[in-house]
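Reading through the structure tokens given below for one structure.
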Amino acid sequence: MNNIRLTQYGNGGGCSCKIPPGELETLVAGLSPTSAPSAGRLLLGIDHGDDAAVLQVNGDNQAIVSTTDFFTPVVDDPYDFGRIAAANALADVYAVGGEPVLALNLLGWPRDVLPLELAREVLRGGSAIAQAAGCHLAGGHSIDDPHPKYGLAVTGLADPGRLLRIDAGKPGIPLTLTKPLGIGVLNTRHKATGEVFPEAVATMTTLNRDASRLALAAGIVCATDVTGFGLLGHLLKLARASGVSAVVDSAAVPYLHGAREAIRDGYVSGGSRRNLDWIAPHSDFGDLPENERLLLADAQTSGGLLIAGEIPGFPVIGELVPRGEHLLIVK
């Protein structure tokens, strides 16, 4: 089993296997949440593509956060795959200011192709991350699937008056990034060569819990997480929803060791190129080289939070400004 490379059994890998952002927006255009007043008031839904749905219940005191996320293997090690997929799913709850309390496994497995012992390791990895997050993990659903897939359906709790939203950004507020970029290009290199990048795995399995709590403690109200649409893709969604533009200082953006070498050697996923194609019409890149643009659009898996505001210990990479000709200005 140690010789089985999980990344060879799925299309794409991690969040780079998402439906491209432009196609996704066309797909959901015109859809609206169902109306069920007796169930509570929907605070966050599909209007702006927030990271999770939030439903206010019990008067003004409590809200339920609900999300789901799953994908094909992003690394070959099944235990690490489970940990990464679970941390990525939990991140959606932290991205809106919630705390996860209950999760269910979502598993697709080619049972006649890959040993079930590997699937057990995937589930064990997911359990380890849920335990670290203080979140119950109870059962779930599995199917016989030609491509291995894993993730979680997560329920969380939040204070309705203290949420992180993508439509609450204001001009003059700095932008903070809580994890380095480069996960996508390193994962692409891993899939192609089998080379392992421990720093990337450690980054993907780090919970966004502490960053979310720091943001709430600082009174911050606007944030999103950085996953399959890349830093600039998610920033574009935030700027558009908030009615502002965003300036990014490319020199201030942190990267994982080896990321620039990976993109120099051509390890770029199709998802990252589609991200760049999507944001390009809304962006002013000046004379920034294409490889730098691709790194800023690199499809991340279980990336950090992009916060409109400052929190201690994390780099400021730009600021929000009044809406201008371009939504994104990269210097």
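The values are calculated or read from the model by the stated rules, or taken from the named source; none is laboratory data. Predicted, not measured: the structure shown is a model, and the values here were computed from it. We place every Cβ from the backbone using ideal geometry, glycine too, and count neighbours over all the protein chains shown.
Does residue 286 qualify as being touching a Ser or Thr at 6+ places or on another chain (Cβ under 7 Å), farther than 21 Å from residue 178 by Cβ and not hydroxyl-bearing (Ser, Thr, Tyr)?
Numbers: touching a Ser or Thr at 6+ places or on another chain (Cβ under 7 Å): no; farther than 21 Å from residue 178 by Cβ: yes; not hydroxyl-bearing (Ser, Thr, Tyr): yes.
In short, no.
Considering each of 232, 157 in turn, give the residue that is within 30 Å of residue 128 (Cβ to Cβ) and either assigned to a loop (DSSP other than H, G, I, E, B) or aliphatic (A, V, I, L, M) (or both).
Going through 232, 157 in turn, just one is within 30 Å of residue 128 (Cβ to Cβ) and either assigned to a loop (DSSP other than H, G, I, E, B) or aliphatic (A, V, I, L, M) (or both): 157.
Quick one: would you say residue 133 is within 15 Å of residue 85 (Cα to Cα), touching a Pro at 6+ places or on another chain (Cβ under 9 Å) and either buried (at least 16 other Cβ atoms within 10 Å of the Cβ) or assigned by TED's automatic domain parsing to the domain that holds residue 89 (or both)? Don't jump to the end; show me each part of the working.
On the way: within 15 Å of residue 85 (Cα to Cα): yes; touching a Pro at 6+ places or on another chain (Cβ under 9 Å): yes; either buried (at least 16 other Cβ atoms within 10 Å of the Cβ) or assigned by TED's automatic domain parsing to the domain that holds residue 89 (or both): yes.
The answer is yes for residue 133.
From the list 113, 101, pick out the single residue that is touching a Gly at 6+ places or on another chain (Cβ under 7 Å) and not polar (S, T, N, Q).
When all the criteria are applied, what remains is 101.
Before we move on, is residue 8 surrounded by 13 or more Cβ atoms within 10 Å (Cβ to Cβ) and at pLDDT 65 or above?
no
Given the structure, is residue 145 among the acidic types (Asp, Glu) and surrounded by fewer than 21 Cβ atoms within 10 Å (Cβ to Cβ)?
The answer is yes for residue 145.
Among the listed residues 247, 268, which satisfies the condition of being β-branched (Val, Ile, Thr) and either without any contact (Cβ under 8 Å) to a residue 60 or more places away in the chain or not in a loop (DSSP other than H, G, I, E, B) (or both)? Spell out the reasoning first.
On the way: 268 fails: either without any contact (Cβ under 8 Å) to a residue 60 or more places away in the chain or not in a loop (DSSP other than H, G, I, E, B) (or both).
It is 247.
For residue 153, work out the one condition from (1) out of contact with any Gly (no Cβ under 8 Å at 6 or more places or on another chain); (2) assigned by TED's automatic domain parsing to the domain that holds residue 80; (3) surrounded by fewer than 23 Cβ atoms within 10 Å (Cβ to Cβ) it doesn't fulfil.
Against the list (1) out of contact with any Gly (no Cβ under 8 Å at 6 or more places or on another chain); (2) assigned by TED's automatic domain parsing to the domain that holds residue 80; (3) surrounded by fewer than 23 Cβ atoms within 10 Å (Cβ to Cβ), residue 153 comes up short only on (1).
Looking only at the stretch 192-229, count every residue that is part of a helix (DSSP H, G or I) and crowded, with 24+ Cβ neighbours inside 10 Å and tell me the total.
5
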